[in-house]
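A quick write-up on the structure given underneath.
Every number in this text was worked out from the coordinates using simple rules, so none of it is lab data. As the structure is a computational prediction, the values presented were derived from the model and not from experiment. Cβ sites come from the backbone with ideal geometry, for glycine too, and all protein chains shown count toward neighbours.
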Ligand SMILES: NC(=O)c1ccc[n+]([C@@H]2O[C@H](COP(=O)([O-])OP(=O)(O)OC[C@H]3O[C@@H](n4cnc5c(N)ncnc54)[C@H](O)[C@@H]3O)[C@@H](O)[C@H]2O)c1
């Protein structure tokens, strides 16, 4: 099976692709390489904007996965206009040309951020969605656009992921557990903006498993699925990171607890993914921290701007040089 992954050089794609290659899939990536290229050398690389692809570029692919766009709130807030283009229009355009080229399945990287702010409710895929901030609104727009293209011969699967964390060669320290871990190491303090806020979190190993299950699901299946390793309050996540770091390094980690109002507060049920996709997560916050610890020799400077999407994005918006030199090979079809 041949799979085209848009945005495949990012955090999720860099972890997913080696696993798909292991399973025998042939992978090509289309990406702007904002954060460099940590992909295996046997991946076909197209260095392009999604909007520069044509229907003819899609031919020969069995499935297309969208992992591109502006992938967090700080980027979306910095450039709301670009956010709506890259997060809403790009997945719609890519699905449109994929369907025209008779690709069989399209998988969309949605987000639990579509749920917005709620108090103490467990959200299923049928619950109302209500984001009030650019990132959440645009992820929902992208999702709605691609889902309505689903037909019996064009399967569309949207994975509403919780906040992903864990070690990946294309590293990010701007994601919940990773950020807490980094602050614990560097400052001896974990900053908590609001301990009462609920968040579904997702270990990268469970995230890649969800994509694998979606790719390998029965041919005609379409649908939206919540994907998470678990739900915790941010206060509890901080306690778990603190515990693990203290046990490993034998030093006391302080908590800096604030009570700042947040626009997001939600927890999700993964029953549908469980039953329909056979998605059964295995990881926990503590196992994520253990994986971060066991890869510590690979990070170098924890403040490398490449580890923080917003820093790279601001440079791109200024027209500056961003990622290190790319190791790219033009796709060979
Ligand atoms: N990381 C998370 O916690 C999380 C949670 C829920 C949903 N998501 C969604 O999952 C997807 C992947 O997240 P990530 O953390 O891997 O993101 P990332 O920011 O690490 O990577 C995104 C990649 O997309 C590329 N890209 C962006 N716009 C492009 C375009 N127009 N054409 C070609 N390439 C483009 C960038 O160069 C980058 O390599 C995103 O759509 C994100 O919104 C992420």
Review point. Roughly how large, in nm² to one decimal, is the mean projection of the convex hull of the alpha-carbon atoms in segment 94-143?
Key: 4.2 nm²
Point to revise | Largest-first principal axis extents, alpha carbons of the chain, Å | key: 57, 44, 38
Point to revise | Net lengthening on full extension, residue 278/residue 248 (0.36 nm per residue, minus Cα-Cα) | key: 7.4 nm
**Study point:** segment 272-311 versus segment 168-243: alpha-carbon centroid distance in Å
**Key:** 7 Å
**Study point:** Degrees between helix 285-294 axis and first principal axis of the chain (Cα, 0 to 90, nearest 10)
**Key:** 90 degrees
Practice item. Can you check how the C-alpha radius of gyration of segment 158-197 compares to 2.2 N^0.38 Å, as a plain ratio? Key: 1.33
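Under the 0.36 nm per residue contour assumption, what length would be gained going from the current alpha-carbon distance of residue 132 and residue 301 to full extension?
Stretched fully, the residue 132-residue 301 segment lengthens by 57.3 nm.
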Exercise for review: May I ask you to derive the FRET efficiency for residue 26 and residue 102 from their Cβ-Cβ distance with R0 = 22 Å, giving the value to the nearest 0.05?
Suggested key: 0.80
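What FRET efficiency comes out for residue 144 versus residue 220 if R0 is 22 angstrom and r is the Cβ-Cβ distance? Round to the nearest 0.05.
Details: r = 21 Å, r/R0 = 0.94.
Taking R0 as 22 Å, the efficiency between residue 144 and residue 220 is 0.60.
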Review point. In square nanometres, what is one fourth of the surface area of the convex hull spanned by the alpha carbons of segment 1-159?
Key: 9.7 nm²
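What's the ranking of 145-155, 251-261, 74-84, 169-179 by average number of surrounding C-beta atoms within 10 Å, highest first? Walk me through the intermediate numbers first.
On the way: 145-155: 16.2, 251-261: 11.8, 74-84: 17.9, 169-179: 21.0.
Packing proxy ranking, top to bottom: 169-179, 74-84, 145-155, 251-261.
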**Study point:** Spacing of the two label points (7 Å from each Cα toward its C-beta) at residue 49 and residue 151, in nm
**Key:** 2.9 nm
Review point. Distance from the Cα centre of segment 63-85 to that of segment 139-165, in angstrom?
Key: 15 Å
Point to revise | Extension reserve of the residue 255-residue 59 stretch, reckoned as 0.36 nm per residue once the Cα distance is removed | key: 65.3 nm
**Study point:** Packing-based exposure ordering (other Cβ within 10 Å, fewest first) of 190, 316
**Key:** 316, 190
